[in-house]
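Asks: Below are the structure tokens for one structure; questions will follow.
Here, each number is a calculation from the coordinates, and none is a lab measurement. What you are looking at is a predicted structure, and each value in this text was computed from that prediction instead of being measured. Cβ placement follows ideal geometry from the backbone for every residue including glycine, while neighbour counts extend to all protein chains displayed.
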Amino acid sequence: MPLTDTDRAACLVRAIEATVAGDASAVGELFTDHVVGWSPPVRVSSREELAVELEDREDAFSELELDVKPISVCRDSACVEWVATALHSGPYPFDENRMIPATGRRITLHGVSVADFEGDRIRSFRHYWDEVELLDGLGLRPHD
């Protein structure tokens, strides 16, 4: 049975939730073997690479709340605008050399995600969000 636009939107929402929550268990269900993806901290070219990236972040955020508004869903593509709010409850891999310990802060990110589908799975994705908003939420950016 072919995917409907509603199915594609739901798949993309689950993928955003998995990405923010660091839920590697959802990767096999949501993404193709050869998925290509990009977000500010991550670039992947396979499902295995994506699973490793998500595992590295699995304890970083909890109490996730995600509000999404579909912008466009048609044929084999979907694009949604979202707002994610989560508790920074575990170490966050900031870059290759630095882990940010849990701050206990609630962090809010505004973003947009775009996905292309192959059958019932995502074959490519791009997540865009304001990196300064994340730095502020983590307490890493000095304020004037």
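Asks: Can you give the % of DSSP beta bridges in the chain that are antiparallel, to the nearest 5? Can you show the working numbers first?
Replies: Details: 36 of 40 bridges.
Within the chain, antiparallel bridges account for around 90 percent of the total.
Asks: Among 31, 61, what is the fewest-to-most ranking by other Cβ atoms within 10 Å? Walk me through the intermediate numbers first.
Replies: Details: 31 26, 61 22.
In increasing order of surrounding Cβ atoms, one gets 61, 31.
Asks: Check which residues have an amide H placed less than 5 Å from residue 36's amide H, if you skip close sequence neighbours.
Replies: Sorted by chain and number, the residues that satisfy this are 124, 125.
Asks: Which value at 222 nm does the chain reach when only helices count, each DSSP H run of 4 or more adding -39,500 (n - 2.57), with the total divided by all residues and rounded to the nearest 500 deg cm²/dmol? It would help to have the intermediate numbers written out before the result.
Replies: Working: 4 runs with 39 residues, N = 144.
That comes out to -8000 deg cm²/dmol.
Asks: Of the candidates 96, 58, 17, which one comes out as most mobile in a Gaussian network treatment of the chain with C-alpha springs shorter than 10 Å?
Replies: 96
Asks: Also, quick follow-up: Just rank 134, 3, 12, fewest to most, by other beta-carbon atoms within 10 angstrom. Don't skip to the end; give the middle numbers.
Replies: Working: 134 20, 3 17, 12 25.
Fewest-to-most Cβ neighbours within 10 Å comes out as 3, 134, 12.
Asks: I would also like to ask the following. Once both axes come from the Cα atoms, what is the angle between helix 47-56 and the longest principal axis of the chain, in degrees from 0 to 90, rounded to 10?
Replies: The helix 47-56 is inclined about 30 degrees to the chain.
Asks: Could you run the Karplus curve 6.51 cos²θ - 1.76 cosθ + 1.60 with θ = phi - 60° over segment 134-139 and give me ³J(HN,Hα) per residue in whole Hz, x for Gly and Pro?
Replies: Using θ = phi - 60°, the values come out as 5, 4, 4, x, 7, x Hz.
Asks: Enter the Cα centre distance for the pair segment 1-62 and segment 82-113, rounded to the nearest angstrom.
Replies: If you average the Cα positions of each part, the centres end up 16 Å apart.
Asks: Pick from 52, 80, 132: which is most flexible by mean-square fluctuation in a GNM of the chain where alpha carbon atoms under 10 Å apart are linked?
Replies: It is 132.
Asks: Same structure, new question: By count of other Cβ within 10 Å, fewest leading, how are 100, 71, 122, 16 ordered?
Replies: On the way: 100 17, 71 14, 122 26, 16 21.
Ordered by Cβ neighbours within 10 Å, fewest first: 71, 100, 16, 122.
Asks: While we're here: So what's the angle, to the nearest 10 degrees on a 0 to 90 scale, between helix 5-21 and the longest Cα principal axis of the chain?
Replies: Taking Cα atoms only, the helix is inclined about 30 degrees.
Asks: Give, rounded to the nearest 20 debye, the magnitude of the charge dipole that the chain has about its Cα centre when Lys and Arg contribute +1 at Cβ and Asp and Glu contribute -1 at Cβ.
Replies: On the way: 14 positive and 28 negative charges, 42 e Å.
Dipole of the chain, to the nearest 20 debye: 200 debye.
Asks: Using a Gaussian network for the chain with springs between C-alpha atoms less than 10 Å apart, which of these wobbles most: 14, 43, 75?
Replies: Ranking 14, 43, 75 by mean-square fluctuation puts 75 first.
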